[in-house]
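K.L.:
Questions regarding the structure given below will be posed in turn.
The values are calculated or read from the model by the stated rules, or taken from the named source; none is laboratory data. Since the model is a prediction, treat every value here as computed from it, not as a measurement. Every residue, glycine among them, receives a Cβ derived from its backbone with ideal geometry; neighbour counts consider all protein chains shown.
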Amino acid sequence: MKVKVIGAGLAGCECALALARHGHLVELCEMRPAKSTAAHQTSNLGELVCSNSFRSAAITNAVGLLKAEMKMLGSAVIACAEGARVPAGDAFAVDRERFAAEMTRTVESAPGIRLHREEVTSLDRGDYDFLVVATGPLTSEPLFHTIDEFLGRDGLYFYDAIAPIVAADSLDMSKLYWKSRYGKGDGSDYLNAPMSQEEYEAFVSALLSAELYPLHDFEHAVHFEGCLPVEEIASRGIETLRFGPMKPVGLEHPVTGERPHAVVQLRKEDLSDEYFNLVGFQTKMKVPEQKRVMQMIPGLENCSFARFGSMHRNTFINGPKHLRPTFQTKADDRIFFAGQITGVEGYVESSAVGLLVARYIDEIARSGSATPLPYHTALGALGRHVSESSPERYQPSNVTWGLIADVVGRVKKIEKRERQVAAAMQTISELGKIGG
Ligand SMILES: Cc1cc2nc3c(=O)[nH]c(=O)nc-3n(C[C@H](O)[C@H](O)[C@H](O)COP(=O)(O)OP(=O)(O)OC[C@H]3O[C@@H](n4cnc5c(N)ncnc54)[C@H](O)[C@@H]3O)c2cc1C
């Protein structure tokens, strides 16, 4: 088969290399160095734009499991990362330059891959059998508009506002109560943290004095009104949050009937009961400050964070609206999206989607259709996230245990993770090595 892959970042390179190992012919198009992004600094392929960390090496951590599964399926990114690994305690960190140099060498020497250094602005497949769009969070503007057209101007975003996520088992439930605003729904989607006037005023004052990450030049200085950082809302006046995300109306206490002065709502993450999102709390606060300020919320004093809030430039499509679990677009099953643009987040997850897309294309080439990997694997969970999350609330996500389907049931957490890992690894080993 002939496949055109647009973007030679982590996902594009991983995808191209896996396809080439299967004997497919790949045209890989990368716009750098002629045109760069605001974050890339070199012309190397697979450049890591920021930290040098592939995060936890522990297999009982969801991202650790993801890396182990990728390795089992022959991931080139993991192989290059292992070659460039540097000591970093429990984390899997690499020498960024060595890593990208090795990725570049591997792609350039791969039989079956033709690398073109050119910007692509069209989604025309021409005489290619498949097209893979892997242009990442900083997709060039002309292509952004083409993708927007292709999706019917419905569901392509370029700004990412993320609220923190906290673990359910770290919450003090004696201070929280279940209730949807005005009692709508079955009442089990939202937990509410009520605040007295004194608590609210202390909280707003902490928000206003918190240290923020500076704006980078690749970020938009102006935020959409719909996703303002919580500290910016607070800066508009002491009462503004009480009329915004912390509005207490319709959230009277179900037992006492009292209306609190203000309320923080925690919403169940789409696919799990283990994690809660702080509604409307997207933030640019530095991580230690987020911890300090959010732990002032009643019931969250000892909360552990599954993800911290953040805001940055990030092109991603509304996966649940437009993608199948195989990352094919619903509009054209020969056009795939891969990498961070699908709404996964992070180096490892983006590379993983590149690997998955190669696998699915190869499967289609051989048998006419592709079967998504089971959702109890970390790889399969990424497809679940992009295709089965709520389209109304779709936000980019790292891989978490909340996304990975539970095949174990109620047992102690440590034992549960071990058994989930064993089940996932067993499944992946049965699927065999891509190109192996
Ligand atoms: C500022 C910033 C900091 C980040 N920090 C981290 C971090 O510390 N850790 C982490 O895990 N993740 C981080 N991320 C997320 C990170 O970018 C992704 O996890 C990962 O790089 C995504 O891989 P990708 O292959 O999807 O996209 P990329 O790696 O960005 O690759 C996309 C490639 O497509 C090319 N391209 C774009 N448009 C076109 C076009 N029209 N034609 C041809 N080529 C094109 C780009 O030049 C690029 O090489 C950060 C993102 C940003 C923007």
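K.L.:
Considering only region 312-328, I want to know if a residue exists there that is assigned to a strand (DSSP E or B), more than 16 Å from the ligand (Cβ to nearest atom) and over 30 Å from Leu207 (Cα atoms).
P.N.:
At the first step, the residues of region 312-328 found to be assigned to a strand (DSSP E or B) are 312-317, 323, 328.
Narrowing further to those that are more than 16 Å from the ligand (Cβ to nearest atom): 328.
Imposing the further condition that a residue be over 30 Å from Leu207 (Cα atoms) reduces the set to 328.
Yes, region 312-328 contains at least one residue that is assigned to a strand (DSSP E or B), more than 16 Å from the ligand (Cβ to nearest atom) and over 30 Å from Leu207 (Cα atoms).
K.L.:
Taking Glu363 as meeting all but one of (1) farther than 23 Å from Phe158 by Cβ; (2) within 16 Å of the ligand (Cβ to nearest atom), write down the number of the exception.
P.N.:
(2)
K.L.:
Do we find a residue being in contact with a Leu (Cβ under 8 Å, 6 or more places away or on another chain), in contact (Cβ under 8 Å) with a residue 24 or more places away in the chain, part of a loop (DSSP other than H, G, I, E, B) and surrounded by fewer than 17 Cβ atoms within 10 Å (Cβ to Cβ) anywhere in region 229-249?
P.N.:
Yes, region 229-249 contains a residue that is in contact with a Leu (Cβ under 8 Å, 6 or more places away or on another chain), in contact (Cβ under 8 Å) with a residue 24 or more places away in the chain, part of a loop (DSSP other than H, G, I, E, B) and surrounded by fewer than 17 Cβ atoms within 10 Å (Cβ to Cβ).
K.L.:
Just give me the residues in region 171-205 being more than 14 Å from Val279 (Cβ to Cβ) and of a type in the set (A, V, I, L, M), in sequence order.
P.N.:
Passing the criteria: Leu171, Met173, Met195, Ala202, Val204.
K.L.:
Here's another thing I want to ask about it. Going through region 198-214 one residue at a time, which ones are more than 17 Å from Lys291 (Cβ to Cβ) and outside any helix (DSSP H, G or I)?
P.N.:
Pro214
K.L.:
What are the residue pairs meeting all of these: first residue in region 295-319, first residue among the charged types (D, E, K, R) and at pLDDT below 90, second residue within 16 Å of the ligand (Cβ to nearest atom) and not in a loop (DSSP other than H, G, I, E, B), Cβ atoms under 6 Å, and 6 or more apart or on different chains?
P.N.:
Cβ pairs passing all conditions: none.
K.L.:
Scan region 137-155 and tell me whether some residue there is in contact (Cβ under 8 Å) with a residue 24 or more places away in the chain and closer than 30 Å to Lys247 by Cα.
P.N.:
Yes, there is a match, as at least one residue in region 137-155 is in contact (Cβ under 8 Å) with a residue 24 or more places away in the chain and closer than 30 Å to Lys247 by Cα.
K.L.:
Collect the residues in region 146-155 that are assigned to a loop (DSSP other than H, G, I, E, B) and out of contact with any strand residue (DSSP E or B) (no Cβ under 8 Å at 6 or more places or on another chain), keeping them in residue-number order.
P.N.:
So the first thing to find is which residues in region 146-155 are assigned to a loop (DSSP other than H, G, I, E, B), and the list is 151-155.
Answer for region 146-155, where residues must be assigned to a loop (DSSP other than H, G, I, E, B) and out of contact with any strand residue (DSSP E or B) (no Cβ under 8 Å at 6 or more places or on another chain): Gly152, Arg153, Asp154.
K.L.:
Can you confirm whether Phe281 is in contact (Cβ under 8 Å) with a residue 12 or more places away in the chain and surrounded by fewer than 20 Cβ atoms within 10 Å (Cβ to Cβ)?
P.N.:
Values: in contact (Cβ under 8 Å) with a residue 12 or more places away in the chain: yes; surrounded by fewer than 20 Cβ atoms within 10 Å (Cβ to Cβ): no.
Considered against the rule, which asks whether it is in contact (Cβ under 8 Å) with a residue 12 or more places away in the chain and surrounded by fewer than 20 Cβ atoms within 10 Å (Cβ to Cβ), Phe281 comes out as no.
K.L.:
To continue, here is another question. Where in region 330-436 are there helices (runs of 4 or more DSSP H), lying fully within it, with 1 or more residues that are within 20 Å of the chain's Cα centre (by Cα) and surrounded by fewer than 24 Cβ atoms within 10 Å (Cβ to Cβ)? Please lay out each step first, then the result.
P.N.:
Working: elements: 347-367, 378-388, 413-431.
Answer list for region 330-436: 378-388.
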